[in-house]
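Participant: First, the structure itself, so that you have it in front of you.
The values are calculated or read from the model by the stated rules, or taken from the named source; none is laboratory data. Worth saying up front: this structure is predicted, and the values here are computed from it rather than measured. Cβ placement follows ideal geometry from the backbone for every residue including glycine, while neighbour counts extend to all protein chains displayed. Surface areas here come from the heavy atoms of the whole protein model, side chains and all, with no ligands, DNA or RNA. Shrake-Rupley method; radii C 1.70, N 1.55, O 1.52, S 1.80 Å.
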Amino acid sequence: MSASSKTETTPVVEEPLITGNQTFHTVTDVVSRIAERKTTVTWLALVGMSASLALVLLGSIGYLVWEGVGIWGLNVPVAWGWAIVNFVFWVGIGHAGTLISAILHLFRQRWRTSINRFAEAMTLFAVICALIFPAIHVGRIWVVYWMLPIPNQMEMWPQFRSPLLWDVFAVSVYFTVSLLFWYVGLIPDLATLRDRAKTKIRKLALGILSLGWRGGNRQWINYERAYLILAGLSTPLVLSVHSVVSTDFAVSMVPGWHTTIFPPYFVAGAIFSGFAMVMTLGIIVRKIFHLEDFITINHLEKMNKIMLLTGMMVGYAYACEFFVAWYSGNVYEAFTFVNRAFGPYAWAYWIMVTCNVLIPQIFWFRRFRRHVTIMFIATIFINIGMWFERFVIVMSLARDFLPSSWDYYSPTIWDILTFIGSFGLFFTLFLLFIRFVPVIAMAEVKAVLPQADPHHGEKH
Amino acid sequence: MAETKVTPKLEYGMIARFEGPKELLHAAEKVRDEGYTKFDCHSPFPIHGMDDAMGLKQSKVGYISGVGAALGFALGLWLQWWTSAVDYPLVIAGKPFFSYQAFVPVTFGLTVLFGALGAVFGMFHVNRLPQYFHGVFHSDRFPKFSDDAFFVSIEKEDPKYDRSSTMSFLESIGGAEIEVLEGE
């Protein structure tokens, strides 16, 4: 009797999504101020550093165009080196943003509202970095437009049966749709900044960008429908993009590549690596802008759980590949995998296994899932591990069917500078984003506050 | 003050402020029941249940997106069929000219692309965006809608609109800071 009355008086309350007793106004204020405050010296210094790195990328590309792909460590049979590794690495990172914005939206995961804005921005910037690598790898970059179906004097068309061409379409569609999704999400927040703007230039620029939004429900009804459709379209899109990327490998006849597990395995890896990058950036943004009330420890814990899950899927794929290589009875396949784990690139293989399979296991423990420093370090390891995963896959080429052509691939300084430079570009874009755009989707966060529910406080 | 040229002011309608989402929702129901048709409820975020409270029909954006997706599908398949099998047929690895299985990824991509473009630009079209100006922006209070304020606006074009009776009606349903939207 007393026990039942006790449960009646203390019902299980879910922890609030946003803490600190926020009102609608404090949400506006805290988030808008980040985009409205004066440029700080720290920001300028950071932009200076990352923009310098981006110039390194530009210089490396310039030299590549001048001299040719021979400046990289490529040779037959390793005709694909760091460029494809970096491409898959960056495009994979992008996938977390779309997962958060689209798939979690369809699943009504309301906690996504705190993290979707910068995760989507990260997607865009990562895909920009990704697109650079295959584009500059084509050799004669001045005829890169041959990849597009543009009528020309030779009456030639792209080869639509090639997975490489599917990639051109998949990744560029992915970028366009992600940009649309991001911009549509931004419209109400740009209107908020417009309505707070003090200077004439800000008023004008934000007035144009927010399109004259006035938040009437006659607009919201169409807006929400468009947003839902974009989420519905992006969900299969994001799964297809990395599947298509994996067919670049899987459709070839190379042992270790020619497997049907590749599409789901790549998608899981993409989400895994993307979440690691979202966490890395999110933890920094949260710390420097004091957004602990918005990106709460519960948000971080949920993301850690997703990383644990996807990390296990990736680990399962590694094991499954080995099993199938043995079970198939194909000697080339079996050799490739033994070679991966114990051959000249064994160091890379075990870095991959340690970072991607072993380290995420700490997230079984609640203590580590809620420990910001530990999870930050873990995400860095996962970022590294996921780069090595792609390196390990690509290095299947180094020992192909013909032992006389076996060699040890190593990158040149230009491979390294191009890759490091791409981080410069990525961080430059990200710094510009956090300086000028609301890093948290204000309208969406307001909608998940308890007082946003019109039946809040009413008894059912 | 020096003599200034007096331009006749145009009247756009009226706005009234409400306390919060709950009050706005109930106000919307009452405005709807009173028989107004050209009114809107402005809020910083979409409010659950507001579509019914205002008596709005389902959004048309889905149809526009659907048409876009169908066009994208047709374009994708046609492009690959025409370039590979009609305009310049090339034998590649002994595959049929129209090897539709290999055409799935590009067709899918273009379906999604045109569906998404249809959703976004369809939404812009239905919402009349971008819009250079609207009467509600004559109010100095109105910009608070994007922060934490909730407004009902009734347009002058509404057949039931009448300056004094609409004002007292809005007051009777709990509207505060009622303002007639006027400007040049």
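Participant: So A:Trp146 passes all but one of these: (1) farther than 30 Å from A:Phe436 by Cβ; (2) open to solvent by less than 20 Å² (accessible area, probe 1.4 Å); (3) part of a helix (DSSP H, G or I). Which condition number does it fail?
Facilitator: Going through the list (1) farther than 30 Å from A:Phe436 by Cβ; (2) open to solvent by less than 20 Å² (accessible area, probe 1.4 Å); (3) part of a helix (DSSP H, G or I), A:Trp146 breaks only (2).
Participant: Would you confirm whether any residue within segment A:185-196 is among the aliphatic types (A, V, I, L, M), within 26 Å of A:Asp29 (Cα to Cα), in contact with a Gly (Cβ under 8 Å, 6 or more places away or on another chain) and within 14 Å of chain B (Cβ to nearest Cβ)?
Facilitator: Within segment A:185-196, one or more residues are among the aliphatic types (A, V, I, L, M), within 26 Å of A:Asp29 (Cα to Cα), in contact with a Gly (Cβ under 8 Å, 6 or more places away or on another chain) and within 14 Å of chain B (Cβ to nearest Cβ).
Participant: How many residues, within segment A:215-256, are hydrophobic (A, V, I, L, M, F, W, C), touching a Phe, Trp or Tyr at 6+ places or on another chain (Cβ under 6 Å) and open to solvent by 10 Å² or more (accessible area, probe 1.4 Å)?
Facilitator: Number of matching residues: 2.
Participant: So which residues in segment A:296-326 are over 18 Å from the mean Cα position of the chain (by Cα) and closer than 21 Å to A:Val445 by Cα?
Facilitator: A:Thr296, A:Ile297, A:Asn298, A:Glu301
Participant: Related question: Within segment B:141-155, is there a residue that is within 12 Å of chain A (Cβ to nearest Cβ), buried (at least 23 other Cβ atoms within 10 Å of the Cβ) and over 27 Å from the mean Cα position of the chain (by Cα)?
Facilitator: no
Participant: Now for a different question. Being touching a Lys or Arg at 6+ places or on another chain (Cβ under 6 Å) and assigned by TED's automatic domain parsing to the domain that holds B:Glu19 is true for just one of B:Phe169, B:Phe151, B:Phe137, B:Phe145. Which residue is that?
Facilitator: The match here is B:Phe151.
Participant: Restricting attention to segment B:87-106, report how many residues are open to solvent by 10 Å² or more (accessible area, probe 1.4 Å) and at pLDDT 95 or above.
Facilitator: 2
Participant: Would you check which residues across segment A:376-391 are of a type in the set (A, V, I, L, M, F, W, C) and crowded, with 22+ Cβ neighbours inside 10 Å and list them?
Facilitator: The answer is A:Ala378, A:Ile382, A:Met386, A:Trp387, A:Phe388, A:Phe391.
Participant: Another question, if that's okay. Just one of (1) touching a residue at least 12 places away in the same chain (Cβ under 8 Å); (2) within 30 Å of A:Leu46 (Cα to Cα); (3) open to solvent by 10 Å² or more (accessible area, probe 1.4 Å) trips up A:Ile261, so point out which.
Facilitator: Of (1) touching a residue at least 12 places away in the same chain (Cβ under 8 Å); (2) within 30 Å of A:Leu46 (Cα to Cα); (3) open to solvent by 10 Å² or more (accessible area, probe 1.4 Å), only one is false for A:Ile261: (2).
Participant: Is it the case that some residue within segment A:354-375 is under 30 Å from A:Leu53 (Cβ atoms), surrounded by 14 or more Cβ atoms within 10 Å (Cβ to Cβ) and among the aromatic types (Phe, Trp, Tyr)?
Facilitator: Among the residues of segment A:354-375, not one is under 30 Å from A:Leu53 (Cβ atoms), surrounded by 14 or more Cβ atoms within 10 Å (Cβ to Cβ) and among the aromatic types (Phe, Trp, Tyr), which makes the answer no.
Participant: Quick one: in segment A:435-460, of everything that is away from chain B (no Cβ under 11 Å) and within 20 Å of A:Leu193 (Cα to Cα), which residue is most open to solvent (accessible area, probe 1.4 Å)?
Facilitator: Only one residue tops the list, namely A:Phe436.
Participant: Collect the residues in segment B:67-101 that are small (Gly, Ala, Ser), within 9 Å of chain A (Cβ to nearest Cβ) and closer than 28 Å to A:Pro236 by Cα, keeping them in residue-number order.
Facilitator: B:Ala69, B:Gly76, B:Ser84, B:Ser99
Participant: Further question: Test of understanding: among A:Pro158, A:Pro188, which residue is at pLDDT below 95, crowded, with 17+ Cβ neighbours inside 10 Å and more than 18 Å from the chain's Cα centre (by Cα)?
Facilitator: Within the list A:Pro158, A:Pro188, the selection yields A:Pro158.
Participant: Would you confirm whether or not segment A:410-423 contains a residue that is assigned to a helix (DSSP H, G or I), acidic (Asp, Glu) and open to solvent by 30 Å² or more (accessible area, probe 1.4 Å)?
Facilitator: Scanning segment A:410-423, I find no residue that is assigned to a helix (DSSP H, G or I), acidic (Asp, Glu) and open to solvent by 30 Å² or more (accessible area, probe 1.4 Å), so the answer is no.
Participant: Return the total of residues in segment B:35-53 being part of a loop (DSSP other than H, G, I, E, B) and at the interface with another protein chain (Cβ under 7 Å from one of its Cβ atoms).
Facilitator: Residues in segment B:35-53 being part of a loop (DSSP other than H, G, I, E, B) and at the interface with another protein chain (Cβ under 7 Å from one of its Cβ atoms): 7 in total.
Participant: Among B:Glu171, B:Glu182, which is surrounded by fewer than 17 Cβ atoms within 10 Å (Cβ to Cβ), in a helix (DSSP H, G or I) and in contact (Cβ under 8 Å) with a residue 60 or more places away in the chain?
Facilitator: So the residue among B:Glu171, B:Glu182 that is surrounded by fewer than 17 Cβ atoms within 10 Å (Cβ to Cβ), in a helix (DSSP H, G or I) and in contact (Cβ under 8 Å) with a residue 60 or more places away in the chain is B:Glu171.
Participant: Which of the residues belonging to segment A:318-364 are among the aliphatic types (A, V, I, L, M) and closer than 15 Å to A:Ile382 by Cβ?
Facilitator: If the condition is that a residue be among the aliphatic types (A, V, I, L, M) and closer than 15 Å to A:Ile382 by Cβ, then A:Ile351, A:Met352, A:Val353, A:Val357, A:Leu358, A:Ile359, A:Ile362 are the ones that fit.
Participant: If you don't mind, another one. Would you point out which residue out of B:Leu25, B:Leu117, B:Leu56 is open to solvent by 30 Å² or more (accessible area, probe 1.4 Å), more than 28 Å from A:Pro158 (Cα to Cα) and facing another protein chain (nearest Cβ under 8 Å)?
Facilitator: Among B:Leu25, B:Leu117, B:Leu56, only B:Leu56 is open to solvent by 30 Å² or more (accessible area, probe 1.4 Å), more than 28 Å from A:Pro158 (Cα to Cα) and facing another protein chain (nearest Cβ under 8 Å).
Participant: Count, please, the residues in segment A:185-226 that happen to be in contact (Cβ under 8 Å) with a residue 40 or more places away in the chain and of a type in the set (Gly, Ala, Ser).
Facilitator: Selection size over segment A:185-226: 2.
Participant: If A:Leu204 satisfies all but one of (1) in contact with a Leu (Cβ under 9 Å, 6 or more places away or on another chain); (2) open to solvent by 10 Å² or more (accessible area, probe 1.4 Å); (3) assigned to a helix (DSSP H, G or I), what's the number of the condition it fails?
Facilitator: Among (1) in contact with a Leu (Cβ under 9 Å, 6 or more places away or on another chain); (2) open to solvent by 10 Å² or more (accessible area, probe 1.4 Å); (3) assigned to a helix (DSSP H, G or I), the lone unmet condition for A:Leu204 is (1).
Participant: Among the residues of segment B:128-140, are any at the interface with another protein chain (Cβ under 9 Å from one of its Cβ atoms) and either within 25 Å of B:Gly76 (Cα to Cα) or among the small types (Gly, Ala, Ser) (or both)?
Facilitator: no
Participant: Going through A:Leu64, A:Leu104 one at a time, which residue ends up being over 23 Å from A:Ser243 (Cα atoms) and open to solvent by less than 20 Å² (accessible area, probe 1.4 Å)?
Facilitator: It is A:Leu64.
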